[in-house]
Amino acid sequence: MIEDMPEWVVKLIVDKKATFAWKVMEKEIYASDASDQQNRFLIRKQTIDDRIMPAMTEEELASANLISTVASNRSRLYNREGEGEAGERKQGREHGGLEVMVFNRNGWGCSLYLTRWDASRASVLKGGKYREFHRRSHFAIGGLVEMWAFRDGDGKLCFVIGNIVDLEISL
């Protein structure tokens with residue numbers, strides 16, 4: 001366990017019987033990450049490619065829509081064939097995703113889905129419990145969080161995301 005792992009991460013991974021964890025990223029919370037309408041946590045493509053995909057099985061990669069090599073073609077998302085209004089956005093496909101457990105700094109967890117969107121190639125954690133997750137995590141727009149990954153005692157891919165607390169400010 002390296003990379004100056006915070007105590008709250010160590011406590012969680014021990015509790016979940018993980019033998020190893022790694023730091024995925026630090027990230028600023030954007031308005032879309034804390035929006036009740038967007039209902040997802042954005043993960044940059046490079047972060048997924050470098051820090052998450054190498055630890056995933058082929059089956060997990062396929063479930064998360066991460067193995068497609070087809071280049072993004074944004075124009076296919078917009079109606080250019082005379083159907084409906086000009087520039088009207090076509091209905092996207094259902095992404096589904098890989099079911100993963102996501103925990104907050106206090107150890108509360110829920111099942112979310114890791115998936116990559118076709119158009120932007122961005123990856124997200126999403127699902128019906130995301131709104132509750134971001135509220136329980138006290139995400140604030142402009143705040144900084146860190147994200148760690150591990151496999152629990154059953155081998156399931158899990159993430160833990162928590163606010164980075166500046167001890168000098170919080171004392």
Next item on the list: Could you grab me the full set of residues in the range 96-118 that are surrounded by 15 or more Cβ atoms within 10 Å (Cβ to Cβ), over 25 Å from residue 6 (Cα atoms), out of contact with any Asp or Glu (no Cβ under 8 Å at 6 or more places or on another chain) and not charged (D, E, K, R)?
Entry: 97, 115, 117
Notebook entry, point to check: Does residue 133 fit the bill of being farther than 21 Å from residue 45 by Cα, surrounded by 12 or more Cβ atoms within 10 Å (Cβ to Cβ), at pLDDT 95 or above and not polar (S, T, N, Q)?
Noted result: yes
Next item on the list: For the range 22-35, name all the residues that are buried (at least 16 other Cβ atoms within 10 Å of the Cβ), aliphatic (A, V, I, L, M) and either modelled with pLDDT under 95 or out of contact with any helix residue (DSSP H, G or I) (no Cβ under 8 Å at 6 or more places or on another chain) (or both).
Entry: 29, 34
Check: Does the range 47-58 contain any residue that is part of a loop (DSSP other than H, G, I, E, B) and either in contact with a Ser or Thr (Cβ under 7 Å, 6 or more places away or on another chain) or modelled with pLDDT under 95 (or both)?
Finding: no
Check: What pairs can you find where one residue is in the range 13-36 and farther than 18 Å from residue 47 by Cα, the other is surrounded by 14 or more Cβ atoms within 10 Å (Cβ to Cβ) and small (Gly, Ala, Ser), and their Cβ atoms are less than 9 Å apart, with a gap of 6+ or different chains?
Finding: 13/21; 16/109; 34/143
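Of 66, 61, which residue is at pLDDT below 95 and either out of contact with any Ser or Thr (no Cβ under 9 Å at 6 or more places or on another chain) or within 30 Å of residue 135 (Cα to Cα) (or both)?
66
When the range 107-120 is examined, which residues are found to be touching a strand residue (DSSP E or B) at 6+ places or on another chain (Cβ under 9 Å) and modelled with pLDDT under 95? If you could, list the steps in order and put the result at the bottom.
In the first step, residues of the range 107-120 are kept if they are touching a strand residue (DSSP E or B) at 6+ places or on another chain (Cβ under 9 Å); the result is 107, 109-117.
Listed by number, the residues that qualify are 116, 117.
The values are calculated or read from the model by the stated rules, or taken from the named source; none is laboratory data. Nothing here was measured: the structure is a model prediction, and the numbers come from that model. Quick reminder, even Gly has a Cβ in these numbers, built from the backbone with ideal geometry, and neighbours come from all protein chains shown.
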